[in-house]
Amino acid sequence: MSADPAQSPEQKAVPDIEVAYPDEQLGVKMGIDITRWDPDRVVATMPVAGNRQPFGLLHGGASAVLAETVGSTAAYLNRVGERRPVGLELSCTHHRSALSGLVTAVCTPASVGKTVGTFEIVISDDEGRRVCTAKLTCIYRDATPQA
């Protein structure tokens, strides 16, 4: 599946999500494509090409964007009622370099409650080797803060 340039990866997974500034979504610019979206597992891919640091490796910040994208999507899918998730903390441990191809992020809930959710994200290269492990913690609010 390839991403529709008119939709953010989050919109593809959750069509009813309200997206502010739809033409400015970072996930689209990074080539992120969410391929599976269930409350228990969100999976997405991202190309290394176009997301490199100066030495030709996948940029660590690109891994963080991918992790936050799948983690936030999982948080939204696990919300209670109309509450909205807002990122509180993201931590990433980079294990090895990715040089080419696609990286794949798999997000699973570690703990989800009414006010806080924590999600584990494992990012692997085309050969299945772990590139990055991330943890995203979100709080659930009654309303999204205004921009």
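Since every read-out is calculated from the coordinates, none of them should be taken as a lab result. In this text the structure is predicted, and so the values were computed from the model without any measurement. As a convention, Cβ positions derive from the backbone with ideal geometry for all residues, glycine included, and neighbour counts pool all protein chains shown.
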Reachable aspartates and glutamates from Lys135, criterion Cα separation under 13 angstrom, eight or more residues apart if same chain: Glu68, Glu89, Glu120
Taking the Cα centroid of region 49-92 and of region 121-135, what is the distance between the two, rounded to the nearest whole Å? 13
Over the chain, the sum of -39500 (n - 2.57) across DSSP H runs of at least four, divided by residue number and rounded to 500 deg cm²/dmol, gives at 222 nm -5500 deg cm²/dmol
Given Cα pairs under 8 Å that are at least 6 residues apart, what percent is the relative contact order of the chain? 22
With the chain reduced to its Cα atoms and the Debye formula applied, log10 I(q)/I(0) at q = 0.16, 0.21 1/Å amounts to -0.80, -1.33
Return the distance in nm (one decimal) between the two label points of a simple spin-label model at Arg36 and Thr108, each offset 7 Å from Cα along Cα→Cβ. 1.1
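Please sort by residue number the GluC sites (Glu not before Pro) in region 1-99 whose DSSP state is loop and whose Cβ has at most 13 other Cβ atoms within 10 Å.
Counting only loop positions with at most 13 other Cβ atoms within 10 Å, the GluC sites (Glu not before Pro) in region 1-99 are Glu18, Glu82.
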Computed FRET value (nearest 0.05) for Gln53 with Asp142, which takes r as the C-beta separation and R₀ as 35 Å: 0.35
